[in-house]
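Trainee: Dropping a structure here in structure tokens format, bear with me for questions.
Derivation of every value follows stated rules applied to the coordinates shown; laboratory data play no part. Since we're looking at a predicted model, the values are computed, not measured. Positions of Cβ are generated from backbone atoms using ideal geometry, with glycine treated the same way; all protein chains shown enter the neighbour counts.
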Amino acid sequence: MAEDVYPKEVWDEKFRIASYHTDPFGNLKLTSLFELFQDAAGQDAARKGFGYNELIENNRYWVLLRVKLKIYSIPHWDEGARILTWPKDSNGITAFREFKIKNADDEDIILGTSTWTQLDTQSRRPVRIELSDNYHPVENMNVGLDKASKIKIPQDLNWAEHLVVKYSQIDVNHHVNNTRYLEWVLNELPFDLFKTHQFSDMEVNFLSEGKLGDVVRVGSAKVSENEWFACVQRVGDERVLYSAKFSFDKRKD
């Protein structure tokens, strides 16, 4: 199958699913998917003049607020894949970015939309987004997903044991990296669920920064037959730092 060709405003990168990307079933892990997306978004922003190094000179940095995914199939260990990402509109406070994963046959297998903002490095509060002249939203490409929305937290949650935020969970912005929240909540879902089901939809909200030394706990709940909710709460002030909603289909492989 011939590969589609996209405008230069679209970041387009091929990669191979390595062993360290995979879960116990040899599939691409959700945490690895987020790492790949985060890296592609960062490289796309950097080449256009609004990446990490450009922003940090002005005492600001990007923060991921929300993500929504539609998953048709998951690539396996040693398979080739292709990640594409591109900026969408910005309203001055938030900016939107879409992405997709294609398999070796150039078929769309994962679609996503995300919401970002910029924080001041000192106040850690949102600031009006400043973008370079190279910021050109790609209007004629859409993954067909509604923007990620606010997740409603269920009343009754099963709470896991407390965790302490440590060195390996902190990123260059000195807060908990988004993939660590995901790792924590996935660890609290039943392993038997992953044996028989695979992800079909996912939505996440990043609500507040977790810092080194914070004591946190994970709450989870089964909200319907194939749907689960999970969140990360800081124990000291009971602030929810992260929430996620997952939907599953019966495993195909």
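Trainee: For a footprinting-style exposure proxy, rank Lys102, Lys166 by other Cβ within 10 Å, fewest first.
Mentor: Values: Lys102 20, Lys166 12.
Final ranking by Cβ density, sparse to dense: Lys166, Lys102.
Trainee: Which number do you get for Rg(Cα) / (2.2 N^0.38 Å) in region 150-253?
Mentor: Ratio of Rg to 2.2 N^0.38 Å for region 150-253: 1.08.
Trainee: With runs of 4+ DSSP H residues as the only contributors, calculate the mean residue ellipticity of the chain at 222 nm using -39,500 (n - 2.57) per run, divided by the residue total and rounded to the nearest 500. Don't jump to the answer; show the numbers that get you there.
Mentor: Values: 4 runs with 38 residues, N = 253.
Value at 222 nm, helices only: -4500 deg cm²/dmol.
Trainee: Rounded, prolate or oblate: which fits region 144-203, taking a ≥ b ≥ c as square roots of the Cα gyration tensor eigenvalues, rounded meaning a/c under 1.5, else prolate when a/b beats b/c?
Mentor: Numbers: a/c = 1.58, a/b = 1.21, b/c = 1.31.
Oblate, because a/c is 1.5 or more while a/b does not exceed b/c.
Trainee: While we're on this one: I'd like the per residue volume of the convex hull spanned by the Cα atoms of the chain, given in cubic angstrom. Working shown, then result.
Mentor: Working: hull volume 34.0 nm³, N = 253.
It is 134 Å³ per residue.
Trainee: Need the full-extension length gain, Ile153 to Asp89, defined as separation in residues times 0.36 nm minus the C-alpha distance. One decimal, nm.
Mentor: Numbers: separation 64, 0.36 × 64 = 23.04 nm, distance 2.82 nm.
Net length gain for the segment: 20.2 nm.
Trainee: Give me D for region 128-172 in µm² s⁻¹, whole number, from Stokes-Einstein with Rh from the Kirkwood sum over alpha-carbon pairs, 25 °C and 0.890 mPa s. Each step should come with its number before you reach the end.
Mentor: Working: Rh = 16.8 Å.
Rounded to a whole number, D works out at 146 µm²/s.
Trainee: So, R0 is 45 Å and r is the distance between the beta-carbons of Thr196 and Arg125; what FRET efficiency does that work out to, to 0.05?
Mentor: On the way: r = 44 Å, r/R0 = 0.98.
It comes to 0.55.
Trainee: Related question: Please grab the % of Cα pairs in region 1-145 that end up more than 19 Å from each other.
Mentor: Values: 5526 of 10440 pairs.
Of all Cα-Cα pairs in region 1-145, 53 percent lie more than 19 Å apart.
Trainee: Also: For Met202, Met141, which order do you get if you count the other beta carbons within 10 Å of each Cβ and list the fewest first? Walk me through the numbers on the way to the answer.
Mentor: Details: Met202 22, Met141 15.
Fewest to most other Cβ atoms nearby, the residues stand as Met141, Met202.
Trainee: Moving on to the next point. Tell me, what ³J(HN,Hα) does each residue in region 132-149 have, in order and in whole Hz, if you take phi through Karplus 6.51 cos²θ - 1.76 cosθ + 1.60 with θ = phi - 60° and put x for Gly and Pro?
Mentor: 6, 5, 8, 7, 10, x, 8, 7, 8, 10, 9, 7, x, 10, 5, 4, 4, 10
Trainee: Of the listed peptides 89-97, 127-135, 40-48, what is their order by residue-averaged count of other C-beta atoms within 10 Å, with the highest listed first?
Mentor: Working: 89-97: 15.1, 127-135: 13.6, 40-48: 18.1.
Peptide ranking by packing, descending: 40-48, 89-97, 127-135.
Trainee: Can you compute the modelled spin-label distance between Lys222 and Asp249, with each label point 7 Å from Cα toward Cβ, in nm?
Mentor: Placing both labels 7 Å along Cα→Cβ, they lie 2.1 nm apart.
Trainee: Assuming 1.306 mPa s and 10 °C, estimate D for region 104-149 with Stokes-Einstein, Rh taken as the Kirkwood radius over Cα pairs, in µm²/s. Mind showing how you got there, number by number?
Mentor: Details: Rh = 14.1 Å.
Taking Rh from Cα pairs, D becomes 113 µm²/s.
Trainee: Between Ala18 and Asn53, with labels modelled 7 Å along Cα→Cβ, what's the label distance in nm to one decimal, could you check?
Mentor: For the pair Ala18/Asn53, the computed spacing is 2.2 nm.
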